[in-house]
Amino acid sequence: MTKELWGIIKKIRTRKPLIQAITNYVTINDCANILLGIGASPAMCEAKDEVEDFIELADSLYINIGTLTREQKEAICLAVKKASRLKKPVVIDPVGVGALYTRKTFILKLLEEYEISIIKGNSGEIKSLAGMDANVKGVDSMDDGPDAVDACKALAKKFNTVAAATGKTDIISDGNRTIRIKNGSPMLTMVTGVGCMVGAIAAAAAAVENDFLKAAASAVLSMGIAGDIAAEEIEENPAPGTYRVKLFDNIYSLTEDKFVKRSKIEWE
Amino acid sequence: MTKELWGIIKKIRTRKPLIQAITNYVTINDCANILLGIGASPAMCEAKDEVEDFIELADSLYINIGTLTREQKEAICLAVKKASRLKKPVVIDPVGVGALYTRKTFILKLLEEYEISIIKGNSGEIKSLAGMDANVKGVDSMDDGPDAVDACKALAKKFNTVAAATGKTDIISDGNRTIRIKNGSPMLTMVTGVGCMVGAIAAAAAAVENDFLKAAASAVLSMGIAGDIAAEEIEENPAPGTYRVKLFDNIYSLTEDKFVKRSKIEWE
Amino acid sequence: MTKELWGIIKKIRTRKPLIQAITNYVTINDCANILLGIGASPAMCEAKDEVEDFIELADSLYINIGTLTREQKEAICLAVKKASRLKKPVVIDPVGVGALYTRKTFILKLLEEYEISIIKGNSGEIKSLAGMDANVKGVDSMDDGPDAVDACKALAKKFNTVAAATGKTDIISDGNRTIRIKNGSPMLTMVTGVGCMVGAIAAAAAAVENDFLKAAASAVLSMGIAGDIAAEEIEENPAPGTYRVKLFDNIYSLTEDKFVKRSKIEWE
């Protein structure tokens, strides 16, 4: 099964899908570089007047609301609407929905009105969207726990989507099938943008794989394994500047062997 | 006394204060990463429609006007007003006030109308705000000199704030007490965003320490010392790409021992 | 001749020209850091209300339309108009004109109405502006080929400018003289922003050298040679995170010796 997930990464490398991203300005550079690293072709096309034209060219759309300017908000609505009409995969990263009610309303509306392939947040964000109590601190989640599974299942069922909640254990569910992934070093939380990058990779995976549960899993697993290897490489001198550089290195250097041997994945 | 400043960094690490930043797009990623590195929790929440809601959750507010879009300008006014009302610390980085009259007017108005905990600029910017002649080149300062001390004192007194002017010697004053810090390698000027990062750390410090003079000093000193260590680590092959990575590493790896032994600080 | 191009880099280091950039949010930090690395003084001043005031201080203007928000679009028009009136060099990076018709129209209008010193894109973008068929994928070019030379010549002649098309072989032409540069590792395509950084360096070069053909060539050559050295340094373990860091290191560490010995340049 893990070999099948690796097959998705291989397909990204071969097909080099064009991923359109409307994403936050904090980690926009990281998302572009990680998409290159995994083998995709990034295009951070987000201007209101351009997103509808560009989505015709793109293989999938990545939406991240970390810095939701007024123009971005309008652009996101236009882009998701058109992507939905053109049946192009859409991946949403609902940054901050646990902290800001207006963001939660915005994302729930997108989930209600359009076909969203994957919604990937931290466990606090996914719980919040599922209508459960969430312990969040700003844009960070303060817990995962067993109810993250319930949240993913409920959210996925309600909106006919795949929900992925990252945390100590990452949970991914399409409402019926559920996956748990236990890769990922604590160092990943010392670098901004890791969650955003997982979302971007998920959009690349969704561009080449119709089973969005597997697409999401391949993305989460890639970052988890790259994070594990990077952590080992700086074991003697753990520090976030060097770690961050090594994350990009290790996403690029993933091999089937590393991927299969290191994966800590459980299917339910 | 330096031990007391180190205590502020320790408090950041323990309490992990939530810092809201409205900052420029050039170094927004650096500011987020340096806040994580020092132990705080960054949230670059800057959309006009969101800043007032978010400041209720935040422990302090960092304002940096390096790329002052129209929406940011409006967001800053709303955020500072509400932070002031809620008595949350506000740190301002007045990027470019020496070059652009409109920016100077904008910042002086904020200083007049609201309680600003710390205003941290390069010496040219601080002189300019203090109404003195400043030798600036775009967003960079071309001199410090003894009148930087006068500028800090005057600005701090006039607006009942703490003024910090970075330069060869960093000056920090609350109008009565004045601190000089002589740490910091010339390599720091070869990397964009060092000043912005100092401001962000100052906002984290102000979130855990009410004596804003000390809060500002702990931030300036942290970056100066991390900069010194990073410069030593690349002594044989000085180059800004590697140096930048090591800055993040060394902010994260600061210890009481390094902090106390390496500090070049003078109290007046 | 290559020595003369190196002389331009030396002049940047000596004069430290102030470069105003209105550029995309993906690589805005990279552009600022590469300008520092080459010896210039960057100022990412892009707010609509500020660009006209700032251009009076700047030595040249760099325009990059990678994320063309509405405010940026208006700011670019104001800035280019005033720079043109003040006879300050303007360098344009027409990101995405091969994919988006609206961007192409926007750039062609700037070329028609104002004096543009250098227009630097990938070969697909330059072909597209020259009215030729271009094989592009989003913001990337899928081919160069011999017609890139024709495209550069035609575009340069038509708009009385210097056209530079990057690709496996980089082409630069002012309509009469044409230069081919064959430096540059394939690793350069694994890092986002390399093209943008070349454009930013070209703006720095144009600030100190009136022969814009030579200015453009010195910029393209600098990045190509830095890219070659960086690739050799990571030969045993090629990976884009480390490579990117080494690009900044090697731009900063360029010497006349490296520049002259390594240049693969042909004059026509």
Checklist entry - Could you say whether any residue in the range C:47-62 is among the small types (Gly, Ala, Ser), surrounded by fewer than 21 Cβ atoms within 10 Å (Cβ to Cβ) and at pLDDT 95 or above? => result no
Checklist entry - Only one residue in B:Val208, B:Val220 is at pLDDT 95 or above, part of a helix (DSSP H, G or I) and closer than 23 Å to B:Asn64 by Cβ, so which one is that? => result B:Val220
Checklist entry - Restricting attention to the range A:151-171, does a residue exist that is among the β-branched types (Val, Ile, Thr) and either farther than 22 Å from A:Asp211 by Cα or out of contact with any helix residue (DSSP H, G or I) (no Cβ under 8 Å at 6 or more places or on another chain) (or both)? => result no
Checklist outcome for this item: Screening C:Ala40, C:Ala75 for residues that are in contact (Cβ under 8 Å) with a residue 12 or more places away in the chain, out of contact with any Leu (no Cβ under 6 Å at 6 or more places or on another chain), of a type in the set (Gly, Ala, Ser) and surrounded by fewer than 24 Cβ atoms within 10 Å (Cβ to Cβ) leaves only C:Ala75
Item to check | Selection count where residues are small (Gly, Ala, Ser) and crowded, with 23+ Cβ neighbours inside 10 Å, scope the range C:228-259 | outcome: 2
Checklist entry - C:Met187 versus (1) touching a Pro at 6+ places or on another chain (Cβ under 7 Å); (2) closer than 19 Å to C:Ala200 by Cα: which is the lone unmet condition? => result (2)
Checklist entry - Of everything in the range B:200-230 that's within 18 Å of B:Ile63 (Cα to Cα) and touching a Phe, Trp or Tyr at 6+ places or on another chain (Cβ under 6 Å), which residue is farthest from the other protein chains (Cβ to nearest Cβ)? => result B:Ala206
Checklist entry - Do you know which residues across the range A:25-53 are assigned to a loop (DSSP other than H, G, I, E, B), in contact with a strand residue (DSSP E or B) (Cβ under 9 Å, 6 or more places away or on another chain) and either over 21 Å from B:Ala43 (Cα atoms) or facing chain C (nearest Cβ under 8 Å) (or both)? => result A:Ala40, A:Met44, A:Cys45, A:Glu46
Checklist entry - Out of the range A:1-24, which residues are in a loop (DSSP other than H, G, I, E, B) and more than 9 Å from chain C (Cβ to nearest Cβ)? => result A:Met1, A:Pro17, A:Thr23, A:Asn24
Checklist entry - Taking the range A:59-84, which residues are facing chain C (nearest Cβ under 10 Å) and under 19 Å from A:Ile119 (Cα atoms)? => result A:Asp59, A:Thr67, A:Gln72, A:Ala75
Checklist outcome for this item: Of (1) in contact with a Pro (Cβ under 6 Å, 6 or more places away or on another chain); (2) more than 14 Å from every other protein chain (Cβ to nearest Cβ), B:Ile107 satisfies every one except (2)
Item to check | Subset of the range C:51-96 (residues that are closer than 18 Å to C:Leu129 by Cα and within 15 Å of the chain's Cα centre (by Cα)) | outcome: C:Ile63, C:Asn64, C:Ile65, C:Gly66, C:Val90, C:Val91, C:Ile92, C:Asp93, C:Pro94, C:Val95, C:Gly96
Item to check | Filtered residues of the range A:231-266 (kept if among the β-branched types (Val, Ile, Thr) and either under 18 Å from C:Val191 (Cβ atoms) or within 11 Å of another protein chain (Cβ to nearest Cβ) (or both)) | outcome: A:Ile234, A:Thr242, A:Val245, A:Ile251
Next on the checklist: Any residue that is at pLDDT 95 or above, under 24 Å from C:Leu61 (Cβ atoms) and polar (S, T, N, Q) - is there at least one of those in the range C:256-268?
Outcome noted: no
Checklist entry - Among all residue pairs at least 6 apart or on different chains, which show Cβ distances below 8 Å where the first residue, located in the range C:132-147, is more than 11 Å from every other protein chain (Cβ to nearest Cβ) and the second is part of a loop (DSSP other than H, G, I, E, B) and surrounded by 22 or more Cβ atoms within 10 Å (Cβ to Cβ)? => result C:Ala134/C:Gly98; C:Ser141/C:Gly98; C:Ser141/C:Ala134
Item to check | Residues (touching a residue at least 24 places away in the same chain (Cβ under 8 Å), assigned to a loop (DSSP other than H, G, I, E, B) and closer than 14 Å to B:Asn24 by Cα) located in the range B:56-72 | outcome: B:Ile65, B:Gly66, B:Thr67, B:Leu68
Checklist entry - Can you name the number of the only condition in (1) among the aliphatic types (A, V, I, L, M); (2) over 19 Å from B:Asn29 (Cβ atoms); (3) in contact with a Cys (Cβ under 7 Å, 6 or more places away or on another chain) that A:Val97 fails? => result (3)
Checklist entry - Would you pick out the residues in the range A:254-268 that are over 19 Å from the mean Cα position of the chain (by Cα), assigned to a loop (DSSP other than H, G, I, E, B) and touching a residue at least 24 places away in the same chain (Cβ under 8 Å)? => result A:Glu268
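Residue by residue, here is whether (1) of a type in the set (S, T, N, Q); (2) under 17 Å from A:Lys3 (Cα atoms); (3) over 11 Å from the mean Cα position of the chain (by Cα) holds:
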site: A:Gly167; (1), (2), (3): no, no, yes
site: A:Asp174; (1), (2), (3): no, no, yes
site: A:Ile181; (1), (2), (3): no, yes, yes
site: A:Gly195; (1), (2), (3): no, no, no
site: A:Gly199; (1), (2), (3): no, no, no
site: A:Ala205; (1), (2), (3): no, yes, no
Next on the checklist: On the basis of being touching a Ser or Thr at 6+ places or on another chain (Cβ under 9 Å) and not charged (D, E, K, R), does B:Ala219 make the cut?
Outcome noted: no
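The values are calculated or read from the model by the stated rules, or taken from the named source; none is laboratory data. Not measured: the values here are computed from a predicted model. Positions of Cβ are backbone-derived with ideal geometry, glycine not excepted, and every protein chain shown enters the neighbour counts.
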